[in-house]
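S.K.: This is the structure, below, for whatever I ask next.
The values are calculated or read from the model by the stated rules, or taken from the named source; none is laboratory data. Model, not experiment: these values are computed from the prediction. Here Cβ is always computed from backbone atoms with ideal geometry, including for glycine, and neighbour counts include all displayed protein chains.
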Amino acid sequence: MELASAPKNTLIKINLKNWQIRSEITWQIRNYFRNLGFREAETPTLRPSLIPESYLEVFKTQLLDRNRKGKKMYLAASPEASLKKLLSAGFGNCFEISRVFRNSETGSDSHQPEFTMLEWYRVNSDYIGIMDDCFKLFNHIYISLKKKSLIKSGLPDGTIQYSGKLINLKKPWLKISMSEALKKYAQIDFDNITDKDGWDLNSRFPAVKISAVSAKKGYQVSEYDSWEEIFNQIYLNEIEPHFKGETPVIIYDFPRPMAALAKLKEDDPRLAERFELYIAGLELADCYSELTDWREQQARFEEETKLRKKLTKTPVKWDREFIMALKSGLPLSSGVALGIDRTAMLFCDTKNIRDVLLFPFE
């Protein structure tokens with residue numbers, strides 16, 4: 001189908017081909033999961049409570065009743081808590097494509113304060129099963145776009161072009177653990193920045209250990225920096241830049257402080273069953289084997305709440321209904337969040353998220 005061009009006198013700039021690619025991606029996501037028997041869910045965007053994640057900022061608003069009495073509310077940063085409540089109620093394998101909101105995410109070519117997220121959950125699965133889903137989903141999208149001549153022609157089978165690189169989606173993706181990546185790219189032994197015999201979170205992740213290693217590398221650290229804050233400096237500067245090559249990368253088994261809702265590894269409680277997917281340097285998906293222990297989850301919420309306060313993030317009322325859902329029994333499951341806007345960026349071969357949106361925040 002030939003695309004019409006947008007009128008030149010409009011104030012709204014529309015890239016119609018990019019939007020057609022994005023629309024096809026969304027359509028094929030639904031086809032993929034419906035063909036697997038997943039149920040599509042719709043969960044609230046306006047919420048009275050949230051998961052208190054320390055790494056993100058939220059939007060707070062107020063709901064007025066008919067008498068104009070106010071109640072504090074928030075815009076959802078993800079549908080995660082709601083979807084897990086559905087899992088606890090027996091909803092089964094499910095997915096949702098939703099609008100989500102995160103504050104303080106402007107001034108970036110890959111972030112928007114309002115964006116579109118896909119989340120899906122598999123019952124009786126762990127993060128290894130979701131890795132396989134990601135591989136199959138991206139190849140499903142690729143095949144559809146190729147059939148409709150919406151990606152560059154003349155490339156080898158399974159290959160797309162992004163930012164001057166040829167990315168092969170069909171060949172096996174690189175899978176590397178965080179410990180391996182630390183050793184390979186940052187020359188750091190995970191045992192040298194943690195304490196395997198520690199009895200709680202603080203003793204397993206002493207800030208003094210990672211501070212010493214980080215300071216030797218020339219990073220600016222203070223006595224007030226947490227283990228996670230220091231680790232993130234190393235990760236973003238020395239590890240993440242290596243994920244811009246021609247092979248998609250799955251990095252897995254994250255340190256416990258970086259996985260507030262993930263199940264811990266049985267053979268090493270310093271590590272959590274979490275992975276992130278990168279393609280051509282784009283961080284696209286974040287997955288957990290879901291934590292089912294409500295006591296552990298409540299303790300982590302309390303930790304995250306304290307850390308939010310330390311970081312002067314907007315105070316949030318954390319979701320106690322979610323804890324009640326875990327008490328009632330969250331089945332063994334794994335879930336993942338995938339950014340649809342960034343996925344569209346990949347297949348449209350653009351570095352700017354605004355190029356795949358009709359009404360980007362400028």
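S.K.: Determine whether PHE361 is among the aromatic types (Phe, Trp, Tyr) and assigned to a loop (DSSP other than H, G, I, E, B). Steps first, answer last, please.
M.R.: Numbers: among the aromatic types (Phe, Trp, Tyr): yes; assigned to a loop (DSSP other than H, G, I, E, B): yes.
Spelling it out, PHE361 is indeed among the aromatic types (Phe, Trp, Tyr) and assigned to a loop (DSSP other than H, G, I, E, B).
S.K.: While we're looking at this one, here's another question. If you scan the stretch 264-280, which residues turn out to be at pLDDT 95 or above and part of a loop (DSSP other than H, G, I, E, B)?
M.R.: ALA280
S.K.: Moving to a separate point now. Please find, within the stretch 198-251, the residue that is farthest from ALA280 (Cα to Cα) out of those that are in contact (Cβ under 8 Å) with a residue 24 or more places away in the chain and touching a Ser or Thr at 6+ places or on another chain (Cβ under 7 Å).
M.R.: So, considering only residues that are in contact (Cβ under 8 Å) with a residue 24 or more places away in the chain and touching a Ser or Thr at 6+ places or on another chain (Cβ under 7 Å), the one farthest from ALA280 (Cα to Cα) is ARG204.
S.K.: Among the residues of the stretch 180-199, write down those that are farther than 20 Å from TYR235 by Cα and surrounded by 14 or more Cβ atoms within 10 Å (Cβ to Cβ).
M.R.: Answer for the stretch 180-199, where residues must be farther than 20 Å from TYR235 by Cα and surrounded by 14 or more Cβ atoms within 10 Å (Cβ to Cβ): just GLY198.
S.K.: Give LYS309, LYS351 a once-over and let me know the one that is basic (Lys, Arg) and in a loop (DSSP other than H, G, I, E, B).
M.R.: Values: LYS309 fails: in a loop (DSSP other than H, G, I, E, B).
Going through LYS309, LYS351 in turn, the sole match is LYS351.
S.K.: Further, regarding this structure: Considering every residue within the stretch 294-311, establish whether at least one is farther than 16 Å from LEU56 by Cβ, surrounded by 17 or more Cβ atoms within 10 Å (Cβ to Cβ) and in contact (Cβ under 8 Å) with a residue 12 or more places away in the chain.
M.R.: Taking every residue of the stretch 294-311 in turn, at least one turns out to be farther than 16 Å from LEU56 by Cβ, surrounded by 17 or more Cβ atoms within 10 Å (Cβ to Cβ) and in contact (Cβ under 8 Å) with a residue 12 or more places away in the chain.
S.K.: Please give the number of the condition LYS85 fails out of (1) among the basic types (Lys, Arg); (2) in contact (Cβ under 8 Å) with a residue 12 or more places away in the chain; (3) within 22 Å of ILE340 (Cα to Cα).
M.R.: (3)
S.K.: Moving to a separate point now. Does any residue of the stretch 315-325 turn out to be under 30 Å from PHE38 (Cα atoms) and in a strand (DSSP E or B)?
M.R.: Applying the first criterion (under 30 Å from PHE38 (Cα atoms)) to the stretch 315-325 yields 318-325.
Next cut, in a strand (DSSP E or B) only: 318.
So far as the stretch 315-325 goes, yes, one or more of its residues are under 30 Å from PHE38 (Cα atoms) and in a strand (DSSP E or B).
S.K.: Sticking with this one: Just one of (1) crowded, with 19+ Cβ neighbours inside 10 Å; (2) in contact with a Lys or Arg (Cβ under 8 Å, 6 or more places away or on another chain); (3) of a type in the set (S, T, N, Q) trips up SER98, so point out which.
M.R.: Checking SER98 against (1) crowded, with 19+ Cβ neighbours inside 10 Å; (2) in contact with a Lys or Arg (Cβ under 8 Å, 6 or more places away or on another chain); (3) of a type in the set (S, T, N, Q), the one that fails is (2).
S.K.: Shifting gears a bit: So which of PRO241, PRO172, PRO257, PRO248 ends up being buried (at least 20 other Cβ atoms within 10 Å of the Cβ), in contact with a helix residue (DSSP H, G or I) (Cβ under 9 Å, 6 or more places away or on another chain) and at pLDDT 95 or above? Don't jump to the end; show me each part of the working.
M.R.: Details: PRO241 fails: buried (at least 20 other Cβ atoms within 10 Å of the Cβ); PRO172 fails: buried (at least 20 other Cβ atoms within 10 Å of the Cβ); PRO257 fails: at pLDDT 95 or above.
When all the criteria are applied, what remains is PRO248.
S.K.: Only one of these conditions is not met by ASN202: (1) over 24 Å from THR305 (Cα atoms); (2) surrounded by fewer than 21 Cβ atoms within 10 Å (Cβ to Cβ); (3) not β-branched (Val, Ile, Thr). Which number is it?
M.R.: Failed condition: (1).
S.K.: When the residues of the stretch 45-99 are narrowed to those that are polar (S, T, N, Q) and part of a helix (DSSP H, G or I), which ends up nearest to the chain's Cα centre (by Cα)? Outline the logic, then answer.
M.R.: Residues of the stretch 45-99 that are polar (S, T, N, Q), as a first pass: 45, 49, 54, 61-62, 67, 78, 82, 88, 93, 98.
Add one more test, that the residue is part of a helix (DSSP H, G or I), and what stays is 82, 88.
On the way: SER82: 16, SER88: 22 Å.
Among those residues, the one meeting the criterion is SER82.
S.K.: Hey, can you tell me all the residues within the stretch 21-44 that are among the basic types (Lys, Arg) and within 20 Å of the chain's Cα centre (by Cα)? Lay out the reasoning, then the answer.
M.R.: Narrowing the stretch 21-44 to residues among the basic types (Lys, Arg): 22, 30, 34, 39.
The answer is ARG22, ARG30.
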